[in-house]
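The block underneath contains the structure these notes are about, expressed in structure tokens.
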Number of protein chains: 2
Amino acid sequence: MKIDDSKNKQDLQQLIDTQQFVEHISVDCTIFGFDNGILKVLLLKYHDLDVWSLPGGFIFNDEDLSDAASRVLFERTHLSDTFLEQFHTFGQINRTANNAHQILLKHKNIEVPPDHWIFQRFITVGYCSLIDFNLAGTFPNSLNETCAWFEVNKLPKLAFDHERIIEVGLNHIRKNIDTQIVANNLLPEKFTMKDLQTVYETVLDEKYRRNNFQRKILALNILERLEKFFDGSANKAPYLYRFRRKN
Amino acid sequence: MKIDDSKNKQDLQQLIDTQQFVEHISVDCTIFGFDNGILKVLLLKYHDLDVWSLPGGFIFNDEDLSDAASRVLFERTHLSDTFLEQFHTFGQINRTANNAHQILLKHKNIEVPPDHWIFQRFITVGYCSLIDFNLAGTFPNSLNETCAWFEVNKLPKLAFDHERIIEVGLNHIRKNIDTQIVANNLLPEKFTMKDLQTVYETVLDEKYRRNNFQRKILALNILERLEKFFDGSANKAPYLYRFRRKN
């Protein structure tokens with residue numbers, strides 16, 4: 001489908017003409033969210049391409065790398081105040097060799113010299129985050145994109161090496177799940193063992209027996225046990241916990 | 001001290017003239033080694049500069065990022081078959097703004113246009129490794145460098161943001177100490193708890209009571225207990241352990 005959107009074309013033309021970016025480097029954000037026990041990842045789609053991609057972009061010459069990641073995420077999803085963690089830099093020679101940029105620009109009738117940096121090799125720095133799915137409901141449309149959540153086990157066709165980036169990002173999130181829970185306020189400050197087990201099971205895609213989970217988590221020495229939680233029901237009151245502060 | 005070394009000058013001139021590198025990106029290697037209970041890091045010094053730096057370099061256009069890291073390490077230290085782990089990418093705006101490249105080139109009387117990429121901003125990808133100090137005894141001299149091990153607590157004046165890179169690399173090594181021990185064969189396949197404690201104490205810069213260490217390590221579920229080790233002495237024979245294989 002070819003859409004003639006003059007604002008879109010203008011934005012792209014500006015991106016091509018500017019010399020304000022650090023050439024050969026980009027950032028890509030893998031944003032994971034969970035809802036009702038299912039883990040999803042946030043993807044974008046340009047109307048002119050039949051592949052989906054991670055929210056990503058370039059770094060201004062006068063901008064720190066980490067600031068670029070936060071800006072790119074905000075510009076393309078309106079997510080702000082998100083704790084983004086850098087997890088890996090992807091630098092295989094042919095990772096961006098599938099012509100997505102050429103197709104996009106050709107569809108918009110934007111003339112670009114063949115030796116332009118946008119057609120050359122890119123090394124991309126991956127950032128990841130685990131957020132509350134319910135916080136990310138609406139998205140802007142500045143580059144004429146569709147934005148959607150996909151289950152991590154049911155991904156659509158992806159641009160470049162973005163499937164690999166999602167895989168590595170997910171491993172990082174799984175390995176650092178407690179950091180992400182604290183930094184992005186995924187649980188209230190005090191929570192029950194059952195609340196925590198639900199988050200772990202969704203993100204790690206594993207089921208645990210209640211006693212096994214409690215034993216494993218307590219052995220990690222990352223939790224502090226607090227008072228009991230009385231909700232007025234007839235059930236035995238569970239303890240509340242919180243994460244220990246890291247040095 | 002100004003040294004006129006024609007091979008050195010020729011190498012530098014070639015580096016400046018070539019268009020075979022991915023501009024704006026470099027790799028830096030933090031190589032940690034321990035010996036007699038002291039943890040050290042490997043640094044290089046150009047004769048023309050009064051600062052030390054990590055073994056680092058650029059990425060060829062037709063080279064994967066990870067291959068560049070291994071090549072750069074080998075070229076500058078003759079260390080090969082080293083397990084290098086990417087740990088972080090450093091992209092602050094002014095991280096390379098201290099003129100080291102200008103000084104180096106001026107001392108060699110190499111003319112470089114002021115808009116050459118070598119004077120522009122660089123984003124660097126950090127790789128780290130923990131190796132057996134005794135393996136790294138000799139070094140080549142192709143760029144006329146001095147190579148030396150420094151205690152991580154007694155670093156000399158460093159170029160760019162290399163002090164920060166060492167700090168982050170050391171944290172990564174400490175967090176992933178078991179991966180590094182296995183990948184770089186820092187212990188024989190079967191070892192005693194005491195052997196392991198010595199490595200941990202050196203790298204983590206902490207002392208443990210024997211029982212505490214054993215309890216903590218076993219709780220991590222990364223070791224497999226094997227047969228007892230009889231060395232013929234009158235002491236009680238200790239168990240041997242090995243690392244569980246990761247999936």
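The values are calculated or read from the model by the stated rules, or taken from the named source; none is laboratory data. Quantities reported herein were computed from a predicted structural model and do not represent experimental measurements. As a convention, Cβ positions derive from the backbone with ideal geometry for all residues, glycine included, and neighbour counts pool all protein chains shown. Side chains are part of the model used for accessible areas, which takes the heavy atoms of the whole protein and leaves out ligands, DNA and RNA. Shrake-Rupley method; radii C 1.70, N 1.55, O 1.52, S 1.80 Å.
A few remarks follow.
- Any hit, the range A:162-174, residues being over 15 Å from the mean Cα position of the chain (by Cα) and either modelled with pLDDT of 90 or more or open to solvent by 30 Å² or more (accessible area, probe 1.4 Å) (or both): no
- Among residues of the range A:193-214, those that are of a type in the set (Ser, Thr, Tyr) and open to solvent by less than 20 Å² (accessible area, probe 1.4 Å), counted: 2
- Selection within the range A:76-100 - surrounded by fewer than 19 Cβ atoms within 10 Å (Cβ to Cβ) and in a helix (DSSP H, G or I): A:100
- Search result, residues across the range A:152-173 that are out of contact with any strand residue (DSSP E or B) (no Cβ under 8 Å at 6 or more places or on another chain) and assigned to a helix (DSSP H, G or I): A:163, A:167, A:171
- Condition broken by residue A:105, with the remaining ones in (1) surrounded by 20 or more Cβ atoms within 10 Å (Cβ to Cβ); (2) outside any helix (DSSP H, G or I) satisfied: (2)
- Pairs with Cβ under 6 Å, 6+ apart, first in the range B:111-128 and closer than 18 Å to residue A:65 by Cα, second part of a strand (DSSP E or B) and of a type in the set (A, V, I, L, M, F, W, C): B:123/A:25; B:123/B:25; B:124/B:90; B:125/B:27; B:126/B:87; B:127/B:29
- Taking the range A:108-120 as the range and being open to solvent by less than 30 Å² (accessible area, probe 1.4 Å) and either under 22 Å from residue B:125 (Cα atoms) or not aliphatic (A, V, I, L, M) (or both) as the test, the residues that pass are A:108, A:116, A:117, A:118.
- The range A:23-71, residues that are away from every other protein chain (no Cβ under 14 Å) and assigned to a loop (DSSP other than H, G, I, E, B): A:36, A:37, A:47, A:48, A:49, A:50, A:51, A:54, A:55
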